[in-house]
Amino acid sequence: MKVNMVQYYLGVDVGASFIRIGVVGLNGEIIDKVKVPMPQEGDEDTVANIIIKGAKENLGKYLPSVSAVGIGSIGPLDLKAGNVLIAPNLRWRVKRFRLYAPLRRGLGLPVVIGNDAMASVWGEYLFGQGVGRNNVVYITLSTGIGMGVVVDGHLLVGKDGNAHEMGHAVVDIESDLQCGCGGYGHLEAIAGGGNIPRSARWYLEKRYRGQLSELALKVKEGGATTPDLFNGFKNGDPFALEFIDYVLKAIAAGVANTINAYDPEVVILGGSVFLNNVDVIMDGLNRYVKRYVANRMPEITGTRFGDDIGIIGAAALALRVPESLKPFIELQEKELR
(Lines give C-alpha, C1' and ligand atoms only; values in the text may rest on other atoms or scores of the structure.)
Protein backbone atom coordinates (compact mmCIF):
# COMPACT_ATOMS: atom_id res chain seq x y z
CA MET A 1 0.00 0.00 0.00
CA LYS A 2 1.31 3.45 -0.86
CA VAL A 3 1.94 5.80 2.03
CA ASN A 4 -0.12 8.57 0.43
CA MET A 5 -3.28 6.40 0.53
CA VAL A 6 -3.33 6.66 4.32
CA GLN A 7 -4.46 9.67 6.35
CA TYR A 8 -2.08 10.88 9.05
CA TYR A 9 -1.68 13.81 11.43
CA LEU A 10 1.52 15.40 12.65
CA GLY A 11 1.72 15.84 16.42
CA VAL A 12 4.36 18.14 17.91
CA ASP A 13 5.12 18.30 21.63
CA VAL A 14 7.16 21.44 22.39
CA GLY A 15 8.74 21.08 25.82
CA ALA A 16 11.36 23.06 27.70
CA SER A 17 13.90 20.23 27.31
CA PHE A 18 12.86 18.45 24.09
CA ILE A 19 10.74 18.87 20.97
CA ARG A 20 9.01 15.63 19.99
CA ILE A 21 7.49 15.23 16.53
CA GLY A 22 5.39 12.25 15.50
CA VAL A 23 3.18 10.92 12.73
CA VAL A 24 -0.12 9.74 14.22
CA GLY A 25 -2.88 7.61 12.73
CA LEU A 26 -6.64 7.99 12.98
CA ASN A 27 -6.84 5.84 16.13
CA GLY A 28 -4.13 7.72 17.98
CA GLU A 29 -1.36 5.26 17.14
CA ILE A 30 2.15 6.65 16.57
CA ILE A 31 3.53 5.57 13.19
CA ASP A 32 6.96 7.20 13.49
CA LYS A 33 8.58 9.89 15.63
CA VAL A 34 11.69 11.95 16.27
CA LYS A 35 12.99 13.68 19.40
CA VAL A 36 15.15 16.82 19.22
CA PRO A 37 16.79 18.59 22.20
CA MET A 38 15.65 22.16 22.82
CA PRO A 39 18.70 24.35 22.10
CA GLN A 40 20.26 26.41 24.88
CA GLU A 41 19.48 29.66 23.06
CA GLY A 42 17.39 30.79 20.11
CA ASP A 43 15.29 33.50 18.49
CA GLU A 44 11.57 33.82 17.81
CA ASP A 45 11.64 31.39 14.86
CA THR A 46 14.08 28.78 16.22
CA VAL A 47 11.40 26.39 17.50
CA ALA A 48 9.35 26.56 14.30
CA ASN A 49 12.47 25.98 12.20
CA ILE A 50 13.40 22.92 14.28
CA ILE A 51 9.90 21.49 13.77
CA ILE A 52 9.94 22.14 10.02
CA LYS A 53 13.42 20.65 9.60
CA GLY A 54 12.68 17.66 11.85
CA ALA A 55 9.45 16.86 10.02
CA LYS A 56 10.90 17.18 6.53
CA GLU A 57 14.22 15.41 7.17
CA ASN A 58 13.03 12.59 9.45
CA LEU A 59 9.35 12.11 8.60
CA GLY A 60 9.25 13.45 5.07
CA LYS A 61 7.95 10.25 3.46
CA TYR A 62 4.72 10.61 5.46
CA LEU A 63 4.10 14.30 4.79
CA PRO A 64 2.13 13.80 1.53
CA SER A 65 -0.43 11.89 3.62
CA VAL A 66 -0.52 14.35 6.55
CA SER A 67 -3.82 16.25 6.74
CA ALA A 68 -2.97 18.75 9.48
CA VAL A 69 -0.49 19.59 12.23
CA GLY A 70 -1.27 19.80 15.93
CA ILE A 71 1.03 21.60 18.36
CA GLY A 72 1.07 21.19 22.12
CA SER A 73 3.48 23.77 23.51
CA ILE A 74 4.88 25.10 26.75
CA GLY A 75 3.43 28.49 27.55
CA PRO A 76 1.77 30.74 28.52
CA LEU A 77 0.42 31.34 25.04
CA ASP A 78 -0.90 34.23 23.00
CA LEU A 79 -3.33 31.99 21.17
CA LYS A 80 -4.87 34.81 19.15
CA ALA A 81 -1.54 35.21 17.37
CA GLY A 82 -0.51 31.56 17.69
CA ASN A 83 2.68 32.34 19.63
CA VAL A 84 4.29 31.49 22.95
CA LEU A 85 4.19 34.68 24.99
CA ILE A 86 6.73 33.66 27.61
CA ALA A 87 8.04 30.25 28.69
CA PRO A 88 9.38 30.52 32.26
CA ASN A 89 11.17 27.15 32.10
CA LEU A 90 12.98 27.90 28.85
CA ARG A 91 16.57 28.93 29.56
CA TRP A 92 16.72 31.44 26.72
CA ARG A 93 17.47 35.10 27.24
CA VAL A 94 14.27 35.98 25.33
CA LYS A 95 11.61 33.40 26.20
CA ARG A 96 9.00 34.10 23.52
CA PHE A 97 8.70 32.47 20.11
CA ARG A 98 6.37 32.26 17.12
CA LEU A 99 4.56 29.11 16.03
CA TYR A 100 1.51 29.54 13.83
CA ALA A 101 2.73 31.79 11.00
CA PRO A 102 6.13 30.15 10.34
CA LEU A 103 4.70 26.62 10.62
CA ARG A 104 1.70 27.38 8.43
CA ARG A 105 4.03 28.76 5.77
CA GLY A 106 6.86 26.28 6.23
CA LEU A 107 4.77 23.10 6.20
CA GLY A 108 1.89 24.30 4.02
CA LEU A 109 -0.65 22.48 6.20
CA PRO A 110 -3.45 23.49 8.57
CA VAL A 111 -2.05 24.09 12.06
CA VAL A 112 -3.87 23.80 15.41
CA ILE A 113 -2.13 25.08 18.56
CA GLY A 114 -2.81 24.55 22.24
CA ASN A 115 -0.66 24.36 25.33
CA ASP A 116 0.96 20.99 26.03
CA ALA A 117 -1.32 19.88 28.85
CA MET A 118 -4.40 21.07 26.94
CA ALA A 119 -3.32 18.88 24.04
CA SER A 120 -2.65 15.94 26.33
CA VAL A 121 -6.09 16.03 27.94
CA TRP A 122 -7.66 16.08 24.48
CA GLY A 123 -5.56 13.06 23.53
CA GLU A 124 -6.67 11.24 26.69
CA TYR A 125 -10.29 12.25 26.02
CA LEU A 126 -10.22 10.83 22.48
CA PHE A 127 -7.88 7.85 22.85
CA GLY A 128 -6.82 7.20 26.45
CA GLN A 129 -8.05 7.10 30.03
CA GLY A 130 -10.72 9.71 29.28
CA VAL A 131 -12.59 7.70 26.63
CA GLY A 132 -16.27 7.47 27.55
CA ARG A 133 -15.98 10.26 30.13
CA ASN A 134 -17.08 13.87 29.73
CA ASN A 135 -15.11 15.41 32.61
CA VAL A 136 -11.38 14.78 32.40
CA VAL A 137 -8.26 16.42 33.85
CA TYR A 138 -4.68 15.82 32.73
CA ILE A 139 -1.77 17.08 34.83
CA THR A 140 1.81 16.96 33.60
CA LEU A 141 4.56 16.84 36.22
CA SER A 142 7.64 17.50 34.14
CA THR A 143 10.23 20.28 33.86
CA GLY A 144 7.24 22.48 34.61
CA ILE A 145 3.70 21.65 35.72
CA GLY A 146 0.68 22.10 33.48
CA MET A 147 -2.95 21.07 33.28
CA GLY A 148 -5.61 20.43 30.66
CA VAL A 149 -9.34 20.19 31.39
CA VAL A 150 -12.39 18.85 29.59
CA VAL A 151 -15.69 19.79 31.27
CA ASP A 152 -18.93 18.32 29.91
CA GLY A 153 -17.10 17.33 26.73
CA HIS A 154 -15.82 20.88 26.19
CA LEU A 155 -12.09 21.67 26.12
CA LEU A 156 -11.41 24.68 28.34
CA VAL A 157 -9.20 27.26 26.65
CA GLY A 158 -9.62 30.74 28.16
CA LYS A 159 -9.32 34.18 26.61
CA ASP A 160 -5.65 33.72 25.61
CA GLY A 161 -5.30 29.93 25.74
CA ASN A 162 -4.14 29.83 29.36
CA ALA A 163 -7.30 28.86 31.22
CA HIS A 164 -5.77 26.42 33.66
CA GLU A 165 -2.19 27.23 34.60
CA MET A 166 -2.43 25.07 37.71
CA GLY A 167 1.36 24.94 37.91
CA HIS A 168 1.03 28.48 39.22
CA ALA A 169 -1.57 27.63 41.85
CA VAL A 170 -0.46 28.82 45.28
CA VAL A 171 0.05 25.77 47.49
CA ASP A 172 2.24 27.32 50.21
CA ILE A 173 1.20 30.84 51.26
CA GLU A 174 4.17 31.17 53.64
CA SER A 175 6.81 30.36 51.03
CA ASP A 176 9.20 33.05 49.78
CA LEU A 177 10.50 30.72 47.06
CA GLN A 178 10.02 32.63 43.81
CA CYS A 179 8.62 30.92 40.73
CA GLY A 180 10.02 31.52 37.25
CA CYS A 181 6.88 33.56 36.51
CA GLY A 182 7.70 35.91 39.40
CA GLY A 183 5.08 34.69 41.88
CA TYR A 184 5.59 32.99 45.24
CA GLY A 185 4.41 29.72 46.76
CA HIS A 186 3.53 28.25 43.35
CA LEU A 187 3.26 24.51 42.82
CA GLU A 188 5.70 24.64 39.90
CA ALA A 189 8.34 26.46 41.97
CA ILE A 190 8.15 23.71 44.60
CA ALA A 191 7.58 20.56 42.55
CA GLY A 192 8.47 21.27 38.89
CA GLY A 193 11.34 19.01 37.81
CA GLY A 194 13.41 21.97 36.71
CA ASN A 195 12.91 23.67 40.07
CA ILE A 196 13.15 20.80 42.58
CA PRO A 197 16.93 21.21 43.21
CA ARG A 198 16.44 24.93 43.95
CA SER A 199 13.33 24.14 46.00
CA ALA A 200 15.35 21.60 48.01
CA ARG A 201 18.07 24.14 48.73
CA TRP A 202 15.46 26.65 49.87
CA TYR A 203 13.81 24.03 52.09
CA LEU A 204 17.19 23.07 53.59
CA GLU A 205 18.00 26.69 54.43
CA LYS A 206 14.57 27.80 55.64
CA ARG A 207 12.78 24.79 57.17
CA TYR A 208 14.93 21.72 57.68
CA ARG A 209 16.21 21.14 61.21
CA GLY A 210 17.29 17.50 60.96
CA GLN A 211 20.48 15.59 60.28
CA LEU A 212 22.76 16.96 57.53
CA SER A 213 23.23 13.85 55.42
CA GLU A 214 25.63 13.54 52.50
CA LEU A 215 22.73 14.33 50.17
CA ALA A 216 21.78 17.41 52.22
CA LEU A 217 25.35 18.70 51.90
CA LYS A 218 25.17 18.08 48.15
CA VAL A 219 21.93 20.08 48.06
CA LYS A 220 23.59 22.89 50.04
CA GLU A 221 26.44 23.05 47.51
CA GLY A 222 23.98 23.16 44.58
CA GLY A 223 25.03 19.79 43.17
CA ALA A 224 21.92 17.65 43.78
CA THR A 225 19.56 16.76 40.92
CA THR A 226 15.88 15.91 40.92
CA PRO A 227 16.64 12.18 40.47
CA ASP A 228 19.13 12.40 43.38
CA LEU A 229 16.38 13.66 45.68
CA PHE A 230 13.78 11.08 44.66
CA ASN A 231 16.37 8.31 44.92
CA GLY A 232 17.32 9.63 48.35
CA PHE A 233 13.67 9.42 49.37
CA LYS A 234 13.45 5.82 48.12
CA ASN A 235 16.66 4.96 50.01
CA GLY A 236 15.58 6.54 53.30
CA ASP A 237 17.82 9.63 53.36
CA PRO A 238 16.53 11.79 56.26
CA PHE A 239 16.58 15.08 54.34
CA ALA A 240 15.02 13.57 51.19
CA LEU A 241 12.30 11.89 53.27
CA GLU A 242 11.22 15.23 54.71
CA PHE A 243 11.69 17.34 51.58
CA ILE A 244 10.03 14.97 49.09
CA ASP A 245 7.13 14.58 51.55
CA TYR A 246 6.75 18.38 51.34
CA VAL A 247 6.79 18.11 47.53
CA LEU A 248 4.16 15.36 47.63
CA LYS A 249 1.88 17.45 49.84
CA ALA A 250 2.25 20.37 47.39
CA ILE A 251 1.35 18.12 44.45
CA ALA A 252 -1.60 16.69 46.38
CA ALA A 253 -2.84 20.21 47.15
CA GLY A 254 -2.61 21.11 43.46
CA VAL A 255 -4.52 17.99 42.47
CA ALA A 256 -7.14 18.68 45.15
CA ASN A 257 -7.57 22.28 43.94
CA THR A 258 -8.22 20.86 40.49
CA ILE A 259 -10.79 18.36 41.77
CA ASN A 260 -12.56 21.08 43.75
CA ALA A 261 -12.59 23.45 40.78
CA TYR A 262 -13.62 21.10 37.94
CA ASP A 263 -15.27 18.02 39.53
CA PRO A 264 -13.69 15.55 37.06
CA GLU A 265 -14.47 11.87 36.65
CA VAL A 266 -10.78 11.09 36.24
CA VAL A 267 -7.48 12.87 36.91
CA ILE A 268 -4.66 11.56 34.70
CA LEU A 269 -1.01 12.27 35.44
CA GLY A 270 2.00 12.22 33.15
CA GLY A 271 5.29 14.00 32.54
CA SER A 272 8.86 12.94 33.24
CA VAL A 273 8.83 13.57 37.00
CA PHE A 274 5.69 11.47 37.39
CA LEU A 275 6.75 8.72 34.97
CA ASN A 276 10.13 8.31 36.70
CA ASN A 277 8.58 8.20 40.18
CA VAL A 278 5.11 6.71 39.70
CA ASP A 279 4.99 4.68 42.92
CA VAL A 280 6.26 7.53 45.12
CA ILE A 281 3.88 10.12 43.68
CA MET A 282 0.82 7.87 43.58
CA ASP A 283 1.46 6.84 47.18
CA GLY A 284 1.68 10.51 48.16
CA LEU A 285 -1.55 11.33 46.35
CA ASN A 286 -3.32 8.40 47.98
CA ARG A 287 -2.17 9.64 51.40
CA TYR A 288 -2.75 13.38 51.07
CA VAL A 289 -5.32 14.36 48.41
CA LYS A 290 -8.39 13.43 50.47
CA ARG A 291 -7.43 15.82 53.28
CA TYR A 292 -7.82 18.77 50.85
CA VAL A 293 -10.81 17.69 48.73
CA ALA A 294 -14.41 18.87 49.12
CA ASN A 295 -15.94 17.17 46.06
CA ARG A 296 -16.51 13.46 45.60
CA MET A 297 -13.18 11.83 44.77
CA PRO A 298 -12.56 10.93 41.12
CA GLU A 299 -10.28 8.19 39.83
CA ILE A 300 -6.63 9.27 39.92
CA THR A 301 -4.37 7.40 37.53
CA GLY A 302 -1.38 7.70 35.20
CA THR A 303 -1.34 7.99 31.42
CA ARG A 304 -0.95 4.76 29.45
CA PHE A 305 0.98 6.58 26.74
CA GLY A 306 4.15 7.51 28.65
CA ASP A 307 6.20 10.24 26.96
CA ASP A 308 4.14 9.80 23.79
CA ILE A 309 1.05 11.49 25.25
CA GLY A 310 2.34 14.91 24.12
CA ILE A 311 2.60 13.78 20.51
CA ILE A 312 -0.72 11.92 20.57
CA GLY A 313 -2.48 14.83 22.26
CA ALA A 314 -1.10 17.40 19.83
CA ALA A 315 -2.21 15.28 16.87
CA ALA A 316 -5.63 14.87 18.50
CA LEU A 317 -6.12 18.66 18.41
CA ALA A 318 -5.73 18.53 14.63
CA LEU A 319 -7.61 15.27 14.12
CA ARG A 320 -10.75 16.50 15.87
CA VAL A 321 -10.43 20.25 16.34
CA PRO A 322 -12.12 21.32 19.60
CA GLU A 323 -14.88 23.87 19.09
CA SER A 324 -13.23 26.14 21.66
CA LEU A 325 -10.07 26.43 19.51
CA LYS A 326 -11.79 27.22 16.20
CA PRO A 327 -12.23 30.99 16.84
CA PHE A 328 -8.49 31.25 17.59
CA ILE A 329 -7.61 29.49 14.34
CA GLU A 330 -9.74 32.02 12.44
CA LEU A 331 -7.86 34.87 14.14
CA GLN A 332 -4.49 33.26 13.38
CA GLU A 333 -5.42 32.85 9.71
CA LYS A 334 -6.59 36.47 9.58
CA GLU A 335 -3.24 37.62 10.98
CA LEU A 336 -1.42 35.46 8.43
CA ARG A 337 -3.21 37.18 5.55
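Some observations on this one:
- Summing Cβ point charges (Lys, Arg +1; Asp, Glu -1) relative to the Cα centre of the chain gives a dipole of roughly 500 debye.
- Loop trypsin sites (Lys or Arg not before Pro), the range 204-292 (other Cβ atoms within 10 Å of the site Cβ: 13 or fewer; DSSP): ARG207, ARG209
- Between GLU44 and ARG91, the C-beta separation translates, for a Förster distance of 22 Å, into a calculated FRET efficiency of about 0.90.
- If you wrap the tightest convex hull around every Cα atom of the range 230-272 and split its volume per residue, you get 74 Å³.
- At R0 = 35 Å, FRET efficiency that the Cβ-Cβ distance of LEU212 and ARG304 yields, to 0.05: 0.25
- Relative contact order %, the range 216-337, counting alpha carbon pairs below 8 Å whose residues are six or more apart: 25 percent
- Surface composition of the range 147-242: carbon and sulfur make up 49 percent of the accessible area, probe 1.4 Å.
- Computed from the Cα positions only, the extents of the range 140-256 along the three principal axes stand at 49, 27, 21 Å, in decreasing order.
- Most to least accessible of THR258, THR225 (protein chains only, probe 1.4 Å): THR225, THR258
- Relative contact order (%) - the range 94-171, alpha-carbon pairs under 8 angstrom, separation at least six: 22 percent
- Rg ratio for the range 1-59: its Cα radius of gyration over 2.2 N^0.38 Å, N being its residue count, equals 1.23.
- In plain terms, the C-alpha convex hull of the chain casts an average shadow of 17.0 nm² when viewed from every direction.
- When each of LYS35/LYS61; LYS35/LYS95; LYS33/LYS249; LYS33/LYS234; LYS206/LYS249 is checked by Cα-Cα distance, pairs over 24 Å: LYS33/LYS249; LYS33/LYS234
- The range 98-135 residues near the modelled VAL36 label - backbone nitrogen below 19 Å, point 7 Å along Cα→Cβ: 98-114, 116
- Computed E for GLU174/LEU109 - FRET, C-beta separation, R0 51 angstrom, nearest 0.05: 0.55
- Over the chain, Cα pairs under 8 Å with separation of 6+ residues give a relative contact order of 21 percent.
- Taking every DSSP beta bridge that has both ends in the chain, the antiparallel portion is near 55%.
- Label-point separation, ARG296 to ASP160 (7 Å along Cα→Cβ), nm: 3.7 nm
- About the Cα centre, charge dipole magnitude for the range 211-320 (Lys/Arg +1, Asp/Glu -1 at Cβ), debye: 300 debye
- Given charges at Cβ of Lys, Arg, Asp, Glu: the chain dipole, positive-most of THR303, PHE233, ILE71: ILE71
The values are calculated or read from the model by the stated rules, or taken from the named source; none is laboratory data. As the structure is a computational prediction, the values presented were derived from the model and not from experiment. When we count neighbours, we look across all protein chains shown, and the Cβ atoms used for this are built from the backbone with ideal geometry, even at glycine. Quick note on the areas: whole protein, heavy atoms, side chains included, nothing else; ligands and nucleic acids left out. Shrake-Rupley method; radii C 1.70, N 1.55, O 1.52, S 1.80 Å.
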